[in-house]
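No lab work stands behind these numbers, since they all come straight from the coordinates. On a predicted model such as this, the values are computed, not experimentally measured, just so you know. Neighbour counts run over all protein chains shown; Cβ positions are idealised from the backbone, glycine included.
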Amino acid sequence: MPEGDSVFRLAARLRQVDGALIRSGELRGGPTAGRALGGRTVVGHATHGKHLLTRFDDRTTLHTHMRTTGSWTLTAPGRRLPAHAVAEARVRMAFEDGRTLWGIALPVVEHVATADEARVLGPLGPDLLHEDFDRDAAVARFAVRPGRTIRAALLDQRTVAGLGNLWVGELCFLRGIHPDTPVERVDLPAMLDLARRMLVHSATVPSAYQVTTGRPGRGTRHWVVGRAGRPCLWCRTPVLARDDVERPGSPPRRVWWCPRCQPIGGSATLGR
Ligand SMILES: [Zn+2]
């Protein structure tokens, strides 16, 4: 699932087109669908949370978000994309050197002045993957709603940017707290330090991508996420799960936890 570390890694990969001149291309989605991109040079890629910013030499920025459907593909000179993927393309950039970058099934595509990036990103919290991550500023954002569940607060990109369902599930496990624990009962600095350490590791170490247990084998990558009914990898108690509808009309999101390692109202110390 695309989370902050996924988009960070994607941006690192896409930097191979930084400096490339777009021979032809266009936007095929979003409010400026149909806009031509040819003649611009890509000058850089940046991220904030799960948002990707592709910057051009004319001081404009392409802002995209993959949510759960989107992806990016770079095709080598002379190679074609399958027809079904072309049909779903929302961004096409064909470079002078023959490579083509495709943004596929992207639900958010916006082309704006680079000076307006902050406005289109909206009220995002501090990014766990930015070098200047301000932990105290993030803690202050959590404290605004002390009665909210830690799960809801961590998923809310306005408190801290970069965490999705996978990381929130695993972080609650690793801190030994139930996902429904109120924010005011959580050691937020410790939670955020762990979140930052793990996200940076996942984003930058090739074999560690979204492996939270340190064991990259099949079935052992995560402590509780995706393990409903299977034994907790720490205590062997069967992992519990439920489906939460967080906003009316939105698809439910699965919540996993170990009832022994993460007791309701408790704060287990597991030495991890
Ligand atoms: Zn357990």
_Percent RCO, i.e. relative contact order, over segment 135-257, from Cα pairs under 8 Å lying at least 6 residues apart_ = 20 percent
*Divide by every residue of the chain the summed helix terms, -39500 (n - 2.57) for each DSSP H run of at least 4, and state the resulting mean residue ellipticity at 222 nm, rounded to the nearest 500 deg cm²/dmol.*
-6500 deg cm²/dmol
*Relative contact order [Cα under 8 Å, 6+ residues apart], segment 4-121, whole percent*: 28 percent
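What share of Cα pairs, in percent, lie more than 21 angstrom apart in segment 135-257? Walk me through the numbers before you get to the answer.
On the way: 2901 of 7503 pairs.
When every Cα pair of segment 135-257 is considered, 39 percent fall beyond 21 Å.
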*At a temperature of 4 °C and a viscosity of 1.567 mPa s, determine how fast segment 4-121 diffuses translationally according to Stokes-Einstein, using the Kirkwood radius over alpha-carbon pairs as Rh; express D in µm²/s, rounded to the nearest whole number.*
92 µm²/s
*Fewest-first ranking of Val112, Val86, Val224, using other Cβ atoms within 10 Å as the exposure measure*: Val86, Val112, Val224
*Would you list Thr181, Thr69 from fewest to most Cβ contacts within 10 Å?*
Thr69, Thr181
_Considering only C-alpha atoms, what is the centroid distance from segment 113-156 to segment 162-228, in Å?_
18 Å
*If you keep only loop residues by DSSP, which trypsin sites (Lys or Arg not before Pro) in segment 160-223 have at most 10 other Cβ atoms within 10 Å of their Cβ?*
Arg218
*Table column - 3J(HN,Hα) (Hz), segment 123-132, Karplus curve with 6.51, -1.76, 1.60, x for Gly and Pro*: x, 6, x, x, 8, 4, 9, 7, 4, 9
*Starting from the alpha-carbon convex hull of the chain, give the projected area averaged over all orientations, in nm².*
15.5 nm²
*Starting from the Cα gyration tensor of segment 69-188, take the square roots of the eigenvalues, sort them a ≥ b ≥ c, and report rounded, prolate or oblate (rounded when a/c is under 1.5, otherwise prolate if a/b is larger than b/c, else oblate).*
prolate
*Would you calculate the separation in nanometres between label points at Leu240 and Ala87, each defined as 7 Å from the Cα along the Cα-to-beta-carbon direction?*
4.5 nm
*asked:* Please compute the contact order of the chain in relative form: average sequence separation of alpha-carbon pairs under 8 Å and at least six residues apart, divided by the residue count, as a percent.
replied: 15 percent
